[in-house]
Structures are given as structure tokens and as C-alpha cells.
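Let me begin by presenting the structure, written as C-alpha cells, before commenting on it.
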Amino acid sequence: MQTFQPPRRILMGPGPSDVSPRVLAALARPTVGHLDPAFQDLMEEIKAALQRLFNAPDHACIPLPAPGTAGMEAAMMNLLEPGDRAVIAVNGAFGGRMADMADRAGATVTVVEHEWGRPVDPARVEAALAEAPAKVLAFVHAETSTGARSDAAALCALARKHGALSVVDCVTSLGGISVDVAAWDADVVYSGTQKCLSAPPGLSPIALSPRAQAAIKARKTKVRNWLLDFNLIMAYWGGEGGRTYHHTAPINALYGLHESLVALFEEGVQAATVRHARMHEALAAGLEAAGLKLLVDETWRLPQLNAVRVPEGVDEAAVRAHVLEAWDLEIGAGLGPLKGKVWRIGLMGASATPWHVRLCLTALCDALAVQGVAVDPAAVRAAAEARLAA
Ligand SMILES: *Cc1c(COP(=O)(O)O)cnc(C)c1O
């Protein structure tokens, strides 16, 4: 075997995003024991930082030791028991995954299907909640498979009105657009480190309301998975009465998350959301000047995930291969019904900078020219620069 040397890539797909040198440096610091007093201080700092980032002062906030999907699985497995009813709004790939997990937890699942690219419709969700009592209403705030944002405040309010616990997937939203758990009065909210937090994949910050914690304590049956059983994991992360061994925390990954949170608070969470919005506007202006169209209506567009329609006659995969080979730039493909129909361009965390916008537009113009599409790279660049200067 030989040492693995990854190629130098610029990550502008649906995740992971570019990891900054300071976070990479943090990951390389010496490993300590997971019960070391210094490490316990780090755990407490991370818990407090996550409460602040989610704006969830009354929630238990911890990072689960696995990628964003673990937060989803923890939410479903901890809240749902056989016989419970769950209403799941599906407007893309990740909503579909939630429904599968709720089904595996033994719940009776009502799926409220939407066209991909549209936000979740609160009126249709309310109709499903009104049909019969539901324990859980779950939806995706920022649907990464399409680039659509849904109205988390309105959907969480419906859950409260109908006595259901809300589960909100904020994997792609956290750090990129406003996430306000207290204002939404949301119950279980989870995220991931590899999207707008710009740390490597592998951790899933999660927040649980007192209501959600009480519901988990009141279960009639044991949580079906052991690692993500919140009752067990909190004996380790909770900190009250000393920590008991549960699993060995991914120590260095947590150094990385901690550093990414330090960087985010240095910039300011609000400033970071403004930066994501500005970079999106510049990218969108350039794409429009290139004759390209975004999938999602302007009102519901996510700044951090831009689904771009592939023009007629253009080879979707060839464009992605060209920008990777010629520019070391990774952009994403479409999933499910959007396969071959869109590119997904991420502007997440450390990948949301003017330099990334310029690189992406230049590389795309180059790839489109190879495909025989007439584009004027100077005009594309000028359209983006006008927005960057505004
Ligand atoms: C990326 C993503 C996930 C899954 O996160 P992983 O880190 O890939 O496990 C879940 N939900 C949404 C909306 C995502 O974008």
C-alpha cells in the first residue's frame, strides 16, 4: 500500500463542501481520550455552540457520531413506535428517505407527495394531519435534491396545532439560511457537518425539545437501534452525574466541528446567511446570462443549492466530467426524476465565495462551448461581477 493522496478538488456539488485549512488543521491535532477532562470541556462547548447556532436554548443539542442520515434515523427511531402514525411530506429524495425510515420504525406512514422542485404545501399537510391523530410530522427544510426551501415556521405550527411532534431536516439549511428552532417551536431538528458548516462529513448535530425528550422517555418499547437511542446517548453526552461510556466519540472529527463553529461565529451567523444569498444572486445572474434556467421558483430557491436545467441537446454527464477534468471542479447530478435533467451547484459554507462563483461560471461556459452551445463568457462574467459589486 501507499499513502493516499487525494486530488485537489473544488467542491460545488450537493455536499461535501470545501473544508477550510483551519478546519483541516484542527482535525490533525493530537487525539486525546474521550473521557479526558480537556475533551469533556470541548464537548460542553460544542453543546452550547449548537444550542446557539440552532437557536434552541431549551433543547438538548449534541452531535451524533455519523453523517446527516444518522440524525434522520435517530429522529424516526426514537420518536416512533409500532402503531404510531407519522405524516411525512415528500418533495424530493430526502423526504422519501424519511418515509422509508418511519416505515422501518413500524409506524403507519401517510406520505404527502409533492412535485420535485416545489416547496411543501402546508394546506395539504394540514389535511393529512386532520384525517387522524399523528405522533410525528416530518419534512425537509432545505431539499438538497431540488434546491427548494419549505416554510418551516408554518409547518411546525401545524404540527403543534394538531398535537404532533415536528421533525425538521436542516442538513443543508443550517449555516446557509436562517434556522430558528425556538421561533419555529420545532421538536427534533438535525443537520450534518458537510454542507454549510464546511466540516468533513461524519457528524450529525441534533436538537431535541423537552416535549420530544418526554415522548422518548414515555415509550412503551425500547428504541430499536442501540447506538442512536437517545436515552443511552445522553448518559454520555448529557454530562450530569458524570459521563458513562457509551461509544468512543470521534474525537478528531469533533475538533473539526468545533473549529468550523468557531469560524462561523467569528464571521457571524447572520453575516454568513447574507454571504450565501449574495453569492447565489451573483451565480444566478451569470447562469441567466449564459441562457441557463433554475428549476425552482425564485421565492423558494435555496441560495446554497442551485438546480440548473440542462439545455436541450446538451450531454449532462459530459459537462460534469469536463469541469472535473479541466477545472478540478465538482458539481452534482440530478437524482430520481431529475436525473439527467439538472446540475446541482452548491454554494455551501467555505464554497460560497466570489472566487467559487467566478470559477464555476468560467468552467461551465467552457464546458458548454465544448458542447457546441454559443455562450459569451465575458457577458456571463460581467453579469456576475455586477451583482458581486452591488
Ligand atoms: C445531505 C443530506 C442528508 C444526508 O446527509 P449525509 O451526511 O449524506 O448522511 C439528509 N438530508 C438532506 C436534506 C441532505 O441534504
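The values are calculated or read from the model by the stated rules, or taken from the named source; none is laboratory data. In this text, all values refer to a predicted model and were calculated from it rather than measured experimentally. So basically every Cβ, Gly included, is an ideal-geometry build from the backbone, and we count neighbours across all protein chains shown. What goes into the accessible areas is simple: the full protein's heavy atoms, side chains included, and nothing from ligands, DNA or RNA. Shrake-Rupley method; radii C 1.70, N 1.55, O 1.52, S 1.80 Å.
The selection criterion, being within 16 Å of the ligand (Cβ to nearest atom), outside any helix (DSSP H, G or I), under 22 Å from the mean Cα position of the chain (by Cα) and not β-branched (V, I, T), holds for A66.
Cβ-Cβ distances below 7 Å connect the following pairs, each with a first residue in region 200-229 that is among the polar types (S, T, N, Q), a second residue that is in a strand (DSSP E or B), and a separation of six or more residues or different chains: S204/P63; S204/L64; S204/Y190; Q213/A60. Within region 30-44, being under 22 Å from P201 (Cβ atoms) and exposed (fewer than 13 other Cβ atoms within 10 Å of the Cβ) holds for one residue alone: T31.
When residues in region 14-29 are screened for being open to solvent by 80 Å² or more (accessible area, probe 1.4 Å) and in contact with a Phe, Trp or Tyr (Cβ under 6 Å, 6 or more places away or on another chain), 1 of them pass. Applying the criterion of being more than 16 Å from the ligand (Cβ to nearest atom) and surrounded by 24 or more Cβ atoms within 10 Å (Cβ to Cβ) to the residues of region 124-141, the residue that is nearest to the chain's Cα centre (by Cα) is L137. Restricted to region 146-202, and to residues that are more than 30 Å from T108 (Cβ to Cβ) and of a type in the set (S, T, Y), which residue is surrounded by the most Cβ atoms within 10 Å (Cβ to Cβ)? Selected residue: T193.
Scanning region 80-113 for residues that are more than 16 Å from V140 (Cβ to Cβ) and in a helix (DSSP H, G or I) turns up D103, R104.
Sub-7 Å Cβ pairs linking a first residue in region 162-181 that is without any contact (Cβ under 8 Å) to a residue 60 or more places away in the chain and of a type in the set (S, T, N, Q) to a second residue that is part of a loop (DSSP other than H, G, I, E, B) and crowded, with 24+ Cβ neighbours inside 10 Å, at least 6 apart or interchain, are S166/A186; S166/D187, ordered by first then second residue. Within region 313-336, how many residues are more than 21 Å from A352 (Cα to Cα), of a type outside the set (D, E, K, R) and either touching a strand residue (DSSP E or B) at 6+ places or on another chain (Cβ under 6 Å) or not in a helix (DSSP H, G or I) (or both)? Residues flagged as more than 21 Å from A352 (Cα to Cα), of a type outside the set (D, E, K, R) and either touching a strand residue (DSSP E or B) at 6+ places or on another chain (Cβ under 6 Å) or not in a helix (DSSP H, G or I) (or both) within region 313-336 amount to 3. The residues listed here are V310, V357, V342, V375; of these, the one that is free of Cβ contacts under 8 Å to residues at least 40 places away in the same chain, open to solvent by less than 60 Å² (accessible area, probe 1.4 Å) and among the aliphatic types (A, V, I, L, M) is V310. Residues that are near the ligand (Cβ under 10 Å from one of its atoms) and within 22 Å of M77 (Cα to Cα) within region 142-167 comprise A142, E143, listed in sequence order.
Assessment of region 46-58 against the conditions (within 22 Å of R224 (Cβ to Cβ), within 16 Å of the ligand (Cβ to nearest atom) and either open to solvent by 50 Å² or more (accessible area, probe 1.4 Å) or not in a loop (DSSP other than H, G, I, E, B) (or both)) yields no matching residue.
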